[in-house]
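The values are calculated or read from the model by the stated rules, or taken from the named source; none is laboratory data. Remember, predicted model here, so these are calculated numbers, not experimental data. Note that each Cβ is placed from the backbone with ideal geometry, even for glycine, and that neighbours are counted across all protein chains shown. These area figures cover heavy atoms from the full protein model, side chains too; ligands, DNA and RNA do not enter into them. Shrake-Rupley method; radii C 1.70, N 1.55, O 1.52, S 1.80 Å.
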Amino acid sequence: MELFFNPFDNLVCILLGISLTVWFTLLLVFIIVPAIFGVSFGIRRLYMKTLLKLFEWATLRIERGAKENNHHLHKPYSNAIIAKEPTSLEEEIKEIRRSGSNKDLDSASEFEMSDIFYFARRGVASIMDDEVTKRFSAEELESWNLLTRSNNNFHYISLRLTVLWGLGLVFRYSFLLPLRVTLAFTGVGLLVFLTCVIGLLPNGRLKNFLSEKVHLMCYRICVRALTAIITYHDSENKPKKGGICVANHTSPIDVIILASDGCYAMVGQIHGGLMGVIQRSMVKACPHIWFERSEVKDRHLVAKRLSDHLEVKTKLPILIFPEGTCINNTSVMMFKKGSFEIGGTVYPVAIKYDPRFGDAFWNSSKFGMVSYLLRMMSSWAIVCSVWYLPPMSREEDEDAVQFANRVKAAIARQGGLVDLLWDGGLKRGKVKETFKEEQQKLYSKMLVGTQEDRSRS
(Lines give C-alpha, C1' and ligand atoms only; values in the text may rest on other atoms or scores of the structure.)
Protein backbone atom coordinates (compact mmCIF):
# COMPACT_ATOMS: atom_id res chain seq x y z
CA MET A 1 0.00 0.00 0.00
CA GLU A 2 1.49 3.27 -1.05
CA LEU A 3 1.14 6.44 0.97
CA PHE A 4 0.95 9.70 -0.86
CA PHE A 5 1.99 12.91 0.90
CA ASN A 6 0.76 16.25 -0.29
CA PRO A 7 3.50 18.88 0.11
CA PHE A 8 0.82 21.55 0.48
CA ASP A 9 -0.66 19.76 3.50
CA ASN A 10 2.77 19.53 5.09
CA LEU A 11 3.29 23.26 4.55
CA VAL A 12 -0.06 24.06 6.14
CA CYS A 13 0.78 21.92 9.18
CA ILE A 14 4.17 23.61 9.55
CA LEU A 15 2.67 27.11 9.28
CA LEU A 16 -0.08 26.20 11.74
CA GLY A 17 2.49 24.86 14.20
CA ILE A 18 4.62 27.98 13.87
CA SER A 19 1.56 30.22 14.33
CA LEU A 20 0.47 28.41 17.49
CA THR A 21 4.02 28.52 18.85
CA VAL A 22 4.29 32.26 18.23
CA TRP A 23 0.80 32.82 19.67
CA PHE A 24 1.47 31.04 22.97
CA THR A 25 4.96 32.54 23.23
CA LEU A 26 3.50 36.03 22.98
CA LEU A 27 0.87 35.14 25.58
CA LEU A 28 3.54 33.80 27.90
CA VAL A 29 5.94 36.74 27.52
CA PHE A 30 3.54 39.67 27.40
CA ILE A 31 0.59 38.50 29.52
CA ILE A 32 1.13 35.44 31.71
CA VAL A 33 4.63 36.24 33.02
CA PRO A 34 3.73 39.90 33.80
CA ALA A 35 0.61 38.63 35.58
CA ILE A 36 2.75 36.35 37.77
CA PHE A 37 4.92 39.26 38.91
CA GLY A 38 2.14 41.85 38.93
CA VAL A 39 3.76 44.17 36.36
CA SER A 40 2.42 45.82 33.23
CA PHE A 41 4.09 47.01 30.03
CA GLY A 42 1.50 49.78 29.58
CA ILE A 43 0.07 48.21 26.40
CA ARG A 44 -3.50 48.24 27.70
CA ARG A 45 -3.40 51.91 28.67
CA LEU A 46 -1.96 52.83 25.27
CA TYR A 47 -4.78 50.81 23.72
CA MET A 48 -7.32 52.74 25.85
CA LYS A 49 -5.94 56.12 24.74
CA THR A 50 -6.12 55.02 21.10
CA LEU A 51 -9.75 53.99 21.57
CA LEU A 52 -10.61 57.36 23.10
CA LYS A 53 -9.24 59.14 20.03
CA LEU A 54 -11.28 56.85 17.77
CA PHE A 55 -14.43 57.56 19.78
CA GLU A 56 -13.81 61.31 19.57
CA TRP A 57 -13.37 61.08 15.80
CA ALA A 58 -16.52 58.97 15.46
CA THR A 59 -18.51 61.47 17.52
CA LEU A 60 -17.36 64.34 15.29
CA ARG A 61 -18.33 62.36 12.18
CA ILE A 62 -21.77 61.65 13.66
CA GLU A 63 -22.38 65.31 14.47
CA ARG A 64 -21.14 66.42 11.04
CA GLY A 65 -23.25 63.80 9.27
CA ALA A 66 -26.33 64.83 11.23
CA LYS A 67 -25.85 68.47 10.23
CA GLU A 68 -25.30 67.59 6.57
CA ASN A 69 -28.45 65.48 6.49
CA ASN A 70 -30.41 68.02 8.54
CA HIS A 71 -30.96 65.40 11.21
CA HIS A 72 -31.43 66.30 14.80
CA LEU A 73 -28.87 64.37 16.80
CA HIS A 74 -30.74 63.19 19.80
CA LYS A 75 -28.64 62.45 22.82
CA PRO A 76 -30.01 59.70 25.01
CA TYR A 77 -31.41 60.71 28.31
CA SER A 78 -29.20 60.37 31.32
CA ASN A 79 -30.00 57.99 34.14
CA ALA A 80 -29.00 60.62 36.63
CA ILE A 81 -31.86 61.91 38.76
CA ILE A 82 -32.41 65.66 38.71
CA ALA A 83 -31.89 66.94 42.20
CA LYS A 84 -35.00 68.48 43.72
CA GLU A 85 -35.56 70.35 46.90
CA PRO A 86 -36.72 67.78 49.44
CA THR A 87 -40.28 68.38 50.61
CA SER A 88 -42.24 66.44 53.19
CA LEU A 89 -45.64 64.86 52.73
CA GLU A 90 -47.18 67.42 55.07
CA GLU A 91 -45.72 70.39 53.19
CA GLU A 92 -46.93 69.14 49.80
CA ILE A 93 -50.45 68.40 51.05
CA LYS A 94 -50.67 71.82 52.69
CA GLU A 95 -49.61 73.39 49.39
CA ILE A 96 -52.36 71.49 47.54
CA ARG A 97 -54.95 72.57 50.13
CA ARG A 98 -53.76 76.17 49.94
CA SER A 99 -54.03 76.26 46.13
CA GLY A 100 -57.42 74.57 46.03
CA SER A 101 -59.21 76.28 48.90
CA ASN A 102 -59.49 79.75 50.39
CA LYS A 103 -60.13 78.39 53.87
CA ASP A 104 -57.63 78.89 56.62
CA LEU A 105 -55.44 75.81 56.94
CA ASP A 106 -55.81 75.82 60.71
CA SER A 107 -59.57 75.36 60.40
CA ALA A 108 -59.35 72.69 57.73
CA SER A 109 -61.04 69.36 58.32
CA GLU A 110 -59.05 66.28 59.23
CA PHE A 111 -59.42 64.95 55.70
CA GLU A 112 -60.00 66.80 52.47
CA MET A 113 -60.77 65.37 49.07
CA SER A 114 -57.89 67.40 47.62
CA ASP A 115 -55.45 65.22 49.60
CA ILE A 116 -56.10 62.47 47.04
CA PHE A 117 -54.36 64.57 44.39
CA TYR A 118 -51.07 64.30 46.29
CA PHE A 119 -51.04 60.50 46.16
CA ALA A 120 -52.28 60.46 42.55
CA ARG A 121 -49.54 62.90 41.52
CA ARG A 122 -46.86 60.89 43.29
CA GLY A 123 -48.08 57.72 41.61
CA VAL A 124 -47.99 59.24 38.12
CA ALA A 125 -44.54 60.76 38.83
CA SER A 126 -43.24 57.35 39.91
CA ILE A 127 -44.45 55.81 36.65
CA MET A 128 -43.01 58.60 34.49
CA ASP A 129 -39.66 58.72 36.28
CA ASP A 130 -39.18 55.30 37.84
CA GLU A 131 -35.91 55.60 39.73
CA VAL A 132 -35.84 51.86 40.49
CA THR A 133 -36.57 50.05 37.21
CA LYS A 134 -34.09 52.16 35.23
CA ARG A 135 -31.31 50.86 37.50
CA PHE A 136 -31.75 47.40 36.01
CA SER A 137 -31.18 48.36 32.37
CA ALA A 138 -28.02 49.30 30.47
CA GLU A 139 -26.55 52.71 31.20
CA GLU A 140 -27.12 55.25 28.41
CA LEU A 141 -24.11 56.75 26.59
CA GLU A 142 -23.65 60.37 25.55
CA SER A 143 -21.65 59.35 22.47
CA TRP A 144 -21.31 56.20 20.36
CA ASN A 145 -18.54 53.70 21.18
CA LEU A 146 -18.65 51.87 17.81
CA LEU A 147 -20.67 48.97 19.26
CA THR A 148 -24.08 48.16 17.78
CA ARG A 149 -25.23 46.92 21.19
CA SER A 150 -25.16 50.55 22.42
CA ASN A 151 -26.80 52.02 19.27
CA ASN A 152 -27.49 50.15 16.02
CA ASN A 153 -28.19 53.22 13.88
CA PHE A 154 -25.07 55.36 14.13
CA HIS A 155 -22.91 53.34 11.75
CA TYR A 156 -25.17 54.21 8.79
CA ILE A 157 -24.52 57.96 9.00
CA SER A 158 -21.35 58.02 6.87
CA LEU A 159 -19.31 55.58 4.77
CA ARG A 160 -16.12 56.21 6.73
CA LEU A 161 -17.88 55.51 9.99
CA THR A 162 -19.39 52.31 8.62
CA VAL A 163 -15.96 51.13 7.42
CA LEU A 164 -14.44 51.91 10.83
CA TRP A 165 -17.24 50.04 12.57
CA GLY A 166 -16.68 47.03 10.26
CA LEU A 167 -12.93 46.99 10.91
CA GLY A 168 -13.61 47.18 14.63
CA LEU A 169 -16.02 44.27 14.37
CA VAL A 170 -13.41 42.12 12.62
CA PHE A 171 -10.71 43.14 15.11
CA ARG A 172 -12.85 42.35 18.15
CA TYR A 173 -14.14 38.96 16.97
CA SER A 174 -11.13 37.68 15.04
CA PHE A 175 -8.34 38.83 17.36
CA LEU A 176 -9.57 40.04 20.77
CA LEU A 177 -12.18 37.32 21.35
CA PRO A 178 -9.85 34.32 20.65
CA LEU A 179 -7.11 35.96 22.70
CA ARG A 180 -9.42 36.57 25.63
CA VAL A 181 -10.97 33.10 25.51
CA THR A 182 -7.46 31.59 25.55
CA LEU A 183 -6.49 33.70 28.55
CA ALA A 184 -9.72 32.91 30.38
CA PHE A 185 -9.24 29.17 30.01
CA THR A 186 -5.58 29.56 31.01
CA GLY A 187 -6.43 31.54 34.14
CA VAL A 188 -9.28 29.27 35.25
CA GLY A 189 -7.32 26.11 34.42
CA LEU A 190 -4.30 27.22 36.42
CA LEU A 191 -6.54 28.24 39.32
CA VAL A 192 -8.21 24.83 39.51
CA PHE A 193 -4.99 22.84 39.06
CA LEU A 194 -2.72 24.85 41.36
CA THR A 195 -5.25 25.22 44.19
CA CYS A 196 -5.81 21.46 44.15
CA VAL A 197 -2.05 20.92 44.42
CA ILE A 198 -1.70 23.47 47.23
CA GLY A 199 -4.61 21.83 49.02
CA LEU A 200 -2.42 18.74 49.51
CA LEU A 201 -0.03 20.73 51.71
CA PRO A 202 -0.50 20.84 55.49
CA ASN A 203 -2.07 23.96 56.94
CA GLY A 204 0.55 26.56 57.75
CA ARG A 205 2.30 29.71 56.64
CA LEU A 206 3.75 28.12 53.48
CA LYS A 207 0.33 26.95 52.31
CA ASN A 208 -1.22 30.38 52.96
CA PHE A 209 1.65 32.14 51.17
CA LEU A 210 1.43 29.94 48.07
CA SER A 211 -2.37 30.14 48.03
CA GLU A 212 -2.33 33.94 48.01
CA LYS A 213 0.28 34.08 45.24
CA VAL A 214 -1.62 31.57 43.08
CA HIS A 215 -4.94 33.37 43.53
CA LEU A 216 -3.41 36.73 42.64
CA MET A 217 -1.65 35.33 39.57
CA CYS A 218 -4.75 33.58 38.22
CA TYR A 219 -7.07 36.53 38.82
CA ARG A 220 -4.62 38.84 37.08
CA ILE A 221 -4.62 36.54 34.06
CA CYS A 222 -8.44 36.61 34.09
CA VAL A 223 -8.36 40.41 34.29
CA ARG A 224 -6.22 40.46 31.16
CA ALA A 225 -8.76 38.14 29.54
CA LEU A 226 -11.16 41.10 29.70
CA THR A 227 -8.52 43.68 28.73
CA ALA A 228 -9.44 45.28 32.03
CA ILE A 229 -7.75 48.60 32.76
CA ILE A 230 -8.15 49.25 36.48
CA THR A 231 -7.06 52.28 38.48
CA TYR A 232 -6.81 51.68 42.22
CA HIS A 233 -7.00 54.68 44.55
CA ASP A 234 -5.94 55.04 48.20
CA SER A 235 -4.30 51.64 48.51
CA GLU A 236 -3.35 52.40 52.10
CA ASN A 237 -7.01 51.67 52.97
CA LYS A 238 -7.01 48.20 51.43
CA PRO A 239 -8.98 45.63 53.47
CA LYS A 240 -6.92 43.85 56.09
CA LYS A 241 -7.18 40.37 57.55
CA GLY A 242 -9.94 39.86 60.09
CA GLY A 243 -12.20 42.47 58.45
CA ILE A 244 -15.11 42.70 56.02
CA CYS A 245 -14.81 44.25 52.56
CA VAL A 246 -18.15 45.59 51.25
CA ALA A 247 -18.58 47.04 47.75
CA ASN A 248 -21.28 48.12 45.35
CA HIS A 249 -22.23 45.45 42.85
CA THR A 250 -22.43 45.95 39.08
CA SER A 251 -21.19 42.69 37.62
CA PRO A 252 -19.91 39.20 38.50
CA ILE A 253 -16.48 40.42 37.37
CA ASP A 254 -16.43 42.74 40.42
CA VAL A 255 -14.87 39.77 42.21
CA ILE A 256 -12.04 39.52 39.67
CA ILE A 257 -11.50 43.29 39.70
CA LEU A 258 -10.96 43.33 43.47
CA ALA A 259 -9.22 39.96 43.82
CA SER A 260 -6.54 40.92 41.29
CA ASP A 261 -5.27 43.52 43.79
CA GLY A 262 -5.65 41.54 47.00
CA CYS A 263 -6.80 38.19 48.38
CA TYR A 264 -10.24 37.72 49.88
CA ALA A 265 -12.37 34.98 51.38
CA MET A 266 -15.34 34.62 49.05
CA VAL A 267 -18.89 34.09 50.29
CA GLY A 268 -21.54 32.40 48.16
CA GLN A 269 -23.82 29.51 47.39
CA ILE A 270 -22.42 26.20 46.17
CA HIS A 271 -23.07 25.67 42.46
CA GLY A 272 -22.84 22.72 40.12
CA GLY A 273 -21.02 22.34 36.83
CA LEU A 274 -17.83 24.28 36.08
CA MET A 275 -18.52 26.83 38.81
CA GLY A 276 -18.80 24.03 41.34
CA VAL A 277 -15.47 22.56 40.22
CA ILE A 278 -13.82 25.96 40.69
CA GLN A 279 -15.39 26.42 44.13
CA ARG A 280 -14.34 22.99 45.38
CA SER A 281 -10.76 23.49 44.20
CA MET A 282 -10.49 27.02 45.67
CA VAL A 283 -11.69 26.00 49.12
CA LYS A 284 -8.91 23.38 49.33
CA ALA A 285 -6.28 26.10 49.34
CA CYS A 286 -8.13 28.98 51.02
CA PRO A 287 -10.92 29.16 53.65
CA HIS A 288 -13.70 30.46 51.45
CA ILE A 289 -17.24 30.32 52.84
CA TRP A 290 -19.62 28.32 50.66
CA PHE A 291 -23.22 27.52 51.63
CA GLU A 292 -25.56 24.79 50.48
CA ARG A 293 -28.78 25.93 48.83
CA SER A 294 -30.77 24.91 51.91
CA GLU A 295 -28.48 26.93 54.21
CA VAL A 296 -28.59 30.26 52.37
CA LYS A 297 -31.95 31.32 53.85
CA ASP A 298 -30.87 30.43 57.40
CA ARG A 299 -29.71 33.87 58.56
CA HIS A 300 -28.45 32.63 61.92
CA LEU A 301 -26.31 29.92 60.34
CA VAL A 302 -24.86 32.35 57.79
CA ALA A 303 -24.12 34.92 60.51
CA LYS A 304 -22.42 32.29 62.68
CA ARG A 305 -20.20 31.07 59.81
CA LEU A 306 -19.14 34.65 59.05
CA SER A 307 -18.56 35.46 62.74
CA ASP A 308 -16.41 32.36 63.22
CA HIS A 309 -14.29 33.44 60.26
CA LEU A 310 -13.83 36.96 61.65
CA GLU A 311 -12.75 35.67 65.05
CA VAL A 312 -9.53 34.32 63.50
CA LYS A 313 -7.64 37.54 62.79
CA THR A 314 -5.14 35.79 60.52
CA LYS A 315 -7.79 34.81 57.99
CA LEU A 316 -8.38 36.78 54.79
CA PRO A 317 -10.97 39.58 54.79
CA ILE A 318 -14.46 38.53 53.73
CA LEU A 319 -15.70 39.99 50.45
CA ILE A 320 -19.44 40.80 50.44
CA PHE A 321 -21.75 42.67 48.06
CA PRO A 322 -24.60 43.74 50.40
CA GLU A 323 -26.96 44.86 47.60
CA GLY A 324 -27.53 41.22 46.73
CA THR A 325 -28.01 41.95 43.02
CA CYS A 326 -26.31 43.81 40.16
CA ILE A 327 -27.10 47.51 39.64
CA ASN A 328 -26.30 49.32 36.40
CA ASN A 329 -23.28 51.41 37.43
CA THR A 330 -25.34 54.53 38.14
CA SER A 331 -26.55 53.94 41.68
CA VAL A 332 -26.16 52.13 44.97
CA MET A 333 -29.29 50.50 46.36
CA MET A 334 -30.19 49.27 49.82
CA PHE A 335 -27.54 47.28 51.68
CA LYS A 336 -28.80 44.17 53.45
CA LYS A 337 -28.22 44.61 57.18
CA GLY A 338 -26.96 41.05 57.80
CA SER A 339 -23.40 41.94 56.80
CA PHE A 340 -23.35 44.72 59.38
CA GLU A 341 -24.72 42.75 62.34
CA ILE A 342 -21.82 40.36 62.77
CA GLY A 343 -19.31 42.94 64.02
CA GLY A 344 -15.79 43.49 62.82
CA THR A 345 -14.20 46.34 60.92
CA VAL A 346 -15.83 47.20 57.61
CA TYR A 347 -13.69 48.30 54.68
CA PRO A 348 -15.89 50.08 52.10
CA VAL A 349 -14.88 49.91 48.44
CA ALA A 350 -16.41 51.92 45.59
CA ILE A 351 -16.29 50.52 42.03
CA LYS A 352 -17.17 52.68 39.02
CA TYR A 353 -16.96 51.43 35.42
CA ASP A 354 -16.40 53.59 32.33
CA PRO A 355 -19.28 52.60 29.98
CA ARG A 356 -17.60 54.09 26.90
CA PHE A 357 -15.45 50.98 26.42
CA GLY A 358 -18.00 48.33 27.34
CA ASP A 359 -21.06 47.91 29.53
CA ALA A 360 -20.07 45.81 32.54
CA PHE A 361 -23.59 45.63 33.99
CA TRP A 362 -25.07 42.12 34.08
CA ASN A 363 -28.79 42.16 33.36
CA SER A 364 -29.44 38.62 34.59
CA SER A 365 -33.09 38.73 33.52
CA LYS A 366 -31.99 39.30 29.90
CA PHE A 367 -28.65 37.49 29.52
CA GLY A 368 -27.37 34.19 30.85
CA MET A 369 -23.87 33.93 32.25
CA VAL A 370 -22.38 32.55 29.02
CA SER A 371 -24.02 35.24 26.88
CA TYR A 372 -22.90 37.91 29.30
CA LEU A 373 -19.27 36.74 29.30
CA LEU A 374 -19.33 36.63 25.50
CA ARG A 375 -20.47 40.26 25.45
CA MET A 376 -17.71 41.20 27.87
CA MET A 377 -15.03 39.44 25.84
CA SER A 378 -16.23 41.00 22.58
CA SER A 379 -16.28 44.54 23.99
CA TRP A 380 -13.43 46.96 23.46
CA ALA A 381 -12.23 46.78 27.05
CA ILE A 382 -13.36 46.97 30.66
CA VAL A 383 -12.19 50.21 32.25
CA CYS A 384 -12.94 51.00 35.87
CA SER A 385 -11.77 52.86 38.97
CA VAL A 386 -11.63 51.35 42.45
CA TRP A 387 -11.51 53.48 45.60
CA TYR A 388 -10.50 52.00 48.95
CA LEU A 389 -12.27 54.02 51.62
CA PRO A 390 -11.09 54.41 55.23
CA PRO A 391 -12.26 51.58 57.52
CA MET A 392 -15.52 52.09 59.39
CA SER A 393 -16.91 50.61 62.59
CA ARG A 394 -20.38 50.51 64.06
CA GLU A 395 -20.97 53.23 66.63
CA GLU A 396 -22.49 52.57 70.05
CA ASP A 397 -25.82 54.30 69.38
CA GLU A 398 -26.11 52.92 65.85
CA ASP A 399 -28.11 49.89 64.75
CA ALA A 400 -27.20 47.65 61.82
CA VAL A 401 -29.50 49.44 59.37
CA GLN A 402 -28.09 52.87 60.20
CA PHE A 403 -24.54 51.56 59.91
CA ALA A 404 -25.31 49.96 56.54
CA ASN A 405 -26.80 53.24 55.27
CA ARG A 406 -23.76 55.20 56.45
CA VAL A 407 -21.38 52.84 54.63
CA LYS A 408 -23.59 52.92 51.52
CA ALA A 409 -23.65 56.72 51.50
CA ALA A 410 -19.84 56.85 51.71
CA ILE A 411 -19.50 54.44 48.76
CA ALA A 412 -22.04 56.36 46.66
CA ARG A 413 -20.38 59.70 47.40
CA GLN A 414 -16.90 58.47 46.47
CA GLY A 415 -17.99 56.64 43.32
CA GLY A 416 -20.23 59.44 42.05
CA LEU A 417 -23.28 57.17 42.29
CA VAL A 418 -26.88 57.94 43.23
CA ASP A 419 -27.71 56.83 46.78
CA LEU A 420 -31.09 55.06 46.72
CA LEU A 421 -33.02 53.62 49.66
CA TRP A 422 -34.88 51.06 47.53
CA ASP A 423 -34.26 47.34 47.88
CA GLY A 424 -32.51 45.73 44.90
CA GLY A 425 -34.87 42.80 45.41
CA LEU A 426 -37.49 44.84 43.55
CA LYS A 427 -35.69 43.69 40.42
CA ARG A 428 -37.69 40.46 40.68
CA GLY A 429 -40.23 41.05 43.44
CA LYS A 430 -43.05 43.41 44.39
CA VAL A 431 -42.90 46.39 46.71
CA LYS A 432 -43.03 45.29 50.33
CA GLU A 433 -46.13 46.13 52.34
CA THR A 434 -43.93 47.96 54.84
CA PHE A 435 -43.19 50.67 52.24
CA LYS A 436 -46.93 51.25 51.73
CA GLU A 437 -47.57 51.23 55.47
CA GLU A 438 -44.83 53.81 55.97
CA GLN A 439 -46.63 56.31 53.69
CA GLN A 440 -49.92 55.56 55.43
CA LYS A 441 -48.34 56.19 58.83
CA LEU A 442 -46.88 59.51 57.66
CA TYR A 443 -50.29 60.69 56.44
CA SER A 444 -52.03 59.44 59.58
CA LYS A 445 -49.43 61.15 61.76
CA MET A 446 -49.99 64.42 59.92
CA LEU A 447 -53.76 64.26 60.50
CA VAL A 448 -53.42 63.31 64.16
CA GLY A 449 -50.82 66.02 64.67
CA THR A 450 -53.09 68.64 63.08
CA GLN A 451 -55.96 67.60 65.33
CA GLU A 452 -53.78 67.74 68.46
CA ASP A 453 -52.51 71.21 67.52
CA ARG A 454 -56.08 72.51 67.16
CA SER A 455 -57.07 70.95 70.52
CA ARG A 456 -54.18 72.69 72.28
CA SER A 457 -54.99 76.02 70.71
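Could you calculate the FRET efficiency of Thr314 with Thr59 from 1/(1 + (r/R0)^6), where r is the beta carbon distance between them and R0 is 51 Å, rounded to 0.05? All intermediate terms of the calculation are to be shown ahead of the outcome.
Numbers: r = 52 Å, r/R0 = 1.02.
Between Thr314 and Thr59 the formula returns 0.45.
Report ³J(HN,Hα) in whole Hz for each residue of the stretch 177-184, in order, from the Karplus equation J = 6.51 cos²θ - 1.76 cosθ + 1.60 where θ = phi - 60°; Gly and Pro get x.
Coupling constants for the stretch 177-184: 4, x, 4, 5, 4, 4, 5, 5 Hz.
Out of the GluC sites (Glu not before Pro) in the stretch 256-334, which ones are loop residues according to DSSP with at most 12 other C-beta atoms within 10 Å? Mind showing how you got there, number by number?
Numbers: sites: Glu292, Glu295, Glu311, Glu323; in loops: Glu292, Glu295, Glu323.
Of the GluC sites (Glu not before Pro), the ones in loops of the stretch 256-334 whose Cβ has at most 12 other Cβ atoms within 10 Å are Glu292.
Rank Ile14, Ile229 by accessible area, highest first, at a 1.4 Å probe radius?
Details: Ile14 100, Ile229 5 Å².
Sorted by accessible area, descending: Ile14, Ile229.
What accessible surface, in Å², does a 1.4 Å probe find on Ser365, ignoring ligands, DNA and RNA and rounding to the nearest 10?
100 Å²
Simple spin-label model, 7 Å along Cα-to-Cβ: Phe171 to Leu201 in nm?
Reported label-point gap for Phe171 and Leu201 is 4.2 nm.
To the nearest 10 square angstrom, how much accessible area does Tyr232 have with a 1.4 angstrom probe?
Approximately 60 Å² of Tyr232 is accessible to the 1.4 Å probe.
Can you pick out the pairs among Lys207/Lys284; Lys240/Lys313; Lys238/Lys315; Lys313/Lys408 whose Cα atoms lie more than 18 Å from each other? Provide the component values of the computation, followed by the final result.
Values: Lys207/Lys284 10 Å; Lys240/Lys313 9 Å; Lys238/Lys315 15 Å; Lys313/Lys408 25 Å.
Over 18 Å Cα-Cα: Lys313/Lys408.
For the pair Val33/Lys337, report the inter-label distance in nm, with labels modelled 7 Å from Cα in the Cβ direction.
5.5 nm
In the neighborhood of Lys241, defined by Cβ-to-Cβ distances under 9 Å, what is the net charge if each Lys or Arg adds +1 and each Asp or Glu adds -1? Provide the component values of the computation, followed by the final result.
Working: positive: Lys240, Lys313, Lys315; negative: none.
Every neighbour counted, the sum reads +3.
Between Val418 and residues 5 or more places away or on another chain, which pairs have amide H atoms under 5 Å apart, with H built 1.01 Å from N, and which residues are they?
Result for Val418 returns Ser331, Val332.
Please give the FRET efficiency for Glu396 paired with Lys240, using the beta carbon to beta carbon distance and R0 = 22 Å, rounded to the nearest 0.05.
Numbers: r = 23 Å, r/R0 = 1.04.
Computed FRET efficiency for Glu396 and Lys240: 0.45.
Counting alpha carbon pairs within less than 8 Å and at least 6 residues apart, what relative contact order, in whole percent, applies to the stretch 357-427?
Working: 30 pairs, mean separation 16.9, N = 71.
24 percent.
Using only Cα atoms, what is the ratio of the radius of gyration of the stretch 143-294 to 2.2 N^0.38 Å? Let's see the in-between values first.
Numbers: Rg = 19.5 Å, N = 152, 2.2 N^0.38 = 14.8 Å.
Ratio of Cα Rg to 2.2 N^0.38 Å: 1.32.
Pick out, in residue order, every one of the trypsin sites (Lys or Arg not before Pro) in the stretch 293-359 that is DSSP loop and has at most 10 other C-beta atoms within 10 Å; say none if there are none. Mind dumping the intermediate values first?
Details: sites: Arg293, Lys297, Arg299, Lys304, Arg305, Lys313, Lys315, Lys336, Lys337, Lys352, Arg356; in loops: Arg293, Lys297, Lys313, Lys315, Lys336, Arg356.
When the trypsin sites (Lys or Arg not before Pro) of the stretch 293-359 are filtered for loop state and at most 10 Cβ neighbours within 10 Å, Arg293, Lys297, Lys313 remain.
Spelling out what I want: for every residue of the stretch 209-221, take phi, set θ = phi - 60°, compute 6.51 cos²θ - 1.76 cosθ + 1.60 (Karplus), and round to whole Hz; glycine and proline get x.
Along the stretch 209-221, the couplings run 4, 5, 4, 5, 5, 5, 4, 4, 4, 5, 5, 5, 5 Hz.
Could I have the simple spin-label model distance between His300 and Ile14, label points 7 Å from Cα toward Cβ, reported in nm to one decimal?
7.5 nm
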